[in-house]
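A.B. asks: Have a look at this one.
Read-outs throughout are calculated quantities, based only on the coordinates presented, and are distinct from any laboratory measurement. Predicted model only: the values in this text are computed from it and were never measured. Cβ sites come from the backbone with ideal geometry, for glycine too, and all protein chains shown count toward neighbours.
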Amino acid sequence: MKIKSVINILGALLIFLSLSLLACLYIAIFFEEKIFYWIISVILPLVFGAIFYKTTSVPEDINTKEGFAIVTLGWVFLSLFGALPFFISNTLPNFIDAFFETMSGFTTTGATVIQDIEKLPKSLLFWRSLTHWYGGMGIIVLSLALFPLMKKIGGMQLFKAEVPGISNERLVPKIATTAKYLWTVYLLLSLLEILFLYFGGMSLFESFCHTFGTMATGGFSTKNGSIGYYNSIYIETVITIFMFLAGVNFSLHYQLLKGDIKSYFKDKEFIFYTSLIFSAIALITLVNLSYYGSLSESFRFSSFQVISITTTTGYCTADFDKWPVFCKLLLVVLMFVGGCAGSTGGGMKNIRVMILLKKSFQEIKKIIYPQAVFPLRFGTQVIPPDTATTVLAFFILYMFIFVICSLLMSFLGLDLITAVSSVVATLGNIGPGLVKVGASQTYAHLPYMGKIILSFCMLVGRLEIYTVLVLFLPLTWKN
């Protein structure tokens, strides 16, 4: 492990964080808010970043081990220093709470410990939402797109460690150019949503904040009642459409910009993702008829929540914890599935679920025809055995972490549903769970140890397990 290379890049990331916090300082000045805590929050990561960067050598070409270390430690350091505005301003006087809130932001989880969001200064609200937007497409990917330094040091290793999915495909041969294209698509979709929300009656400030939460599939809102506060079918429709788009592989959006709309319908994962969402909407709408009393109302609230949960955004227009048990259980299942590979959505990803299902059916056919050879296909492509094994291992690790963390949360005194749903909601980067962490609740009441456990779940879920767990192997740190 080239420790100096890791420290050097961590320093560069902290300097970038400082510049981002500087933007929030300008917002505080514009809205005539207190600025002292912003000044301190800007200076500290700048000083530490400069020390890290200047006291270590210029990074050499890095390998996979360094890539994993940079991405995992980068997200931890950014969350630690990004928590400073909440802590120094006394909004969250306990640093564990401040760290939880910031980790929830960067990992696009959207779980909050702030009980009255509307009392926060606008600059802090903007910072909460901005952490979402950075985390959605990836801070490291943004760095690869912007900074020449990052392009020289084995960008593919960083890209593979941060971008969710099993393929991490390049759009073009150069990884830095791929990062630029992905962020360009992300930016264009964000600008479109800002305009649609603004023309729908939201203020420009709230349009920015809710767009950041939508496109990153994060879910932080500026209102205690989330999107339900606006009680606007137009706003709900706009956010629903963009949540759906954010849960799709962004390489497909890039193909659309090139004029290839057929790429969506050729993509098996997109078809599965769309079919799953529409099927869940239909089922939950029908079951919720008894709760809402009318088909239009049931469809309105059910469709929003299904897409919000499936894409792991976590925005709410209804307290789904009061829905019939079938609806709640189906939403929990959707929490595990999540969005598509290459999207900003969390969860296990649709492509992995598809491969697991195909592998299961393959094994059933082998029992019936033990001598036959049944290649595992994804569309027209044959899935290599190594890929299927990796997906199966990911699933086992995902469920193992889910079970262990659920047991730990129950050990802290939480009831069964709260313990289990809090882990599902954070491991899948969703935000709201059920009962005491439901749509109308916060995570503020949880024990500090519980918040630490769930912060770990957020990080592991966003970086998709391997990137984080590999750092716990002694072999990783050997030269």
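A.B. asks: How are the C-alpha pair distances of the chain spread across 10 Å bins, as whole percents from the shortest bin up?
C.D. replies: 4, 20, 32, 28, 13, 3, 0, 0
A.B. asks: Suppose a student asked you for the relative contact order of segment 253-302, using Cα pairs under 8 Å spaced at least 6 residues apart; what percent would you report?
C.D. replies: Reported relative contact order: 21 percent.
A.B. asks: Please report the orientation-averaged projected area of segment 269-388, defined via the convex hull of its C-alpha atoms, in nm².
C.D. replies: For the Cα atoms of segment 269-388, the hull's average projected area reads 9.0 nm².
A.B. asks: Sorted from largest down, what three extents in whole angstroms do the Cα atoms of segment 381-479 have along their principal axes?
C.D. replies: Answer, in whole Å and largest first: 44, 38, 19 Å.
A.B. asks: Only helical DSSP H runs with n ≥ 4 go in: add -39500 (n - 2.57) per run for the chain, normalise by residue count and round the 222 nm mean residue ellipticity to 500 deg cm²/dmol.
C.D. replies: Calculated from helices alone, the mean residue ellipticity at 222 nm is -21000 deg cm²/dmol.
A.B. asks: I'd like the Karplus ³J(HN,Hα) series for segment 375-385: coefficients 6.51, -1.76, 1.60, θ = phi - 60°, whole numbers in Hz, and an x wherever there's a Gly or Pro.
C.D. replies: After applying 6.51 cos²θ - 1.76 cosθ + 1.60, I find x, 7, 10, 10, x, 8, 8, 8, 7, x, x Hz.
A.B. asks: Please state the shape class of segment 192-298: rounded when a/c is under 1.5, otherwise prolate if a/b exceeds b/c and oblate if not, all from the C-alpha gyration tensor.
C.D. replies: oblate
A.B. asks: For segment 1-138, what number results from the quotient of the Cα radius of gyration and 2.2 N^0.38 Å?
C.D. replies: So the Cα radius of gyration is 1.07 times the expected 2.2 N^0.38 Å.
A.B. asks: Find how many whole Å separate the alpha carbon centroid of segment 396-448 from the alpha carbon centroid of segment 184-250.
C.D. replies: Going from one Cα centre to the other spans 26 Å.
A.B. asks: Taking only the C-alpha atoms, wrap a convex hull around segment 371-428 and report its volume per residue in Å³ as a whole number. List each step's numbers first, then the result.
C.D. replies: Values: hull volume 7.0 nm³, N = 58.
Considering the Cα atoms of segment 371-428, their hull volume per residue is 121 Å³.
A.B. asks: Full-extension gain between ASP319 and LEU295, please, as 0.36 nm times their residue separation minus the C-alpha to C-alpha distance.
C.D. replies: 6.9 nm
A.B. asks: Using r as the Cβ-Cβ distance of LEU469 and VAL403, and R0 as 25 Å, what FRET efficiency do you calculate, to the nearest 0.05?
C.D. replies: Given R0 = 25 Å and the Cβ-Cβ separation, E is 0.95.
A.B. asks: Please list the equivalent ellipsoid semi-axes of segment 195-255, computed as the square roots of five times the alpha-carbon gyration tensor eigenvalues, in descending order and whole angstrom.
C.D. replies: Numbers: eigenvalues 87, 28, 22 Å².
Equivalent-ellipsoid dimensions as semi-axes: 21, 12, 11 Å.
A.B. asks: Compute the relative contact order of the chain as a whole-number percentage, counting only Cα pairs closer than 8 Å that sit 6 or more residues apart in sequence.
C.D. replies: It comes to 17 percent, rounded to a whole number.
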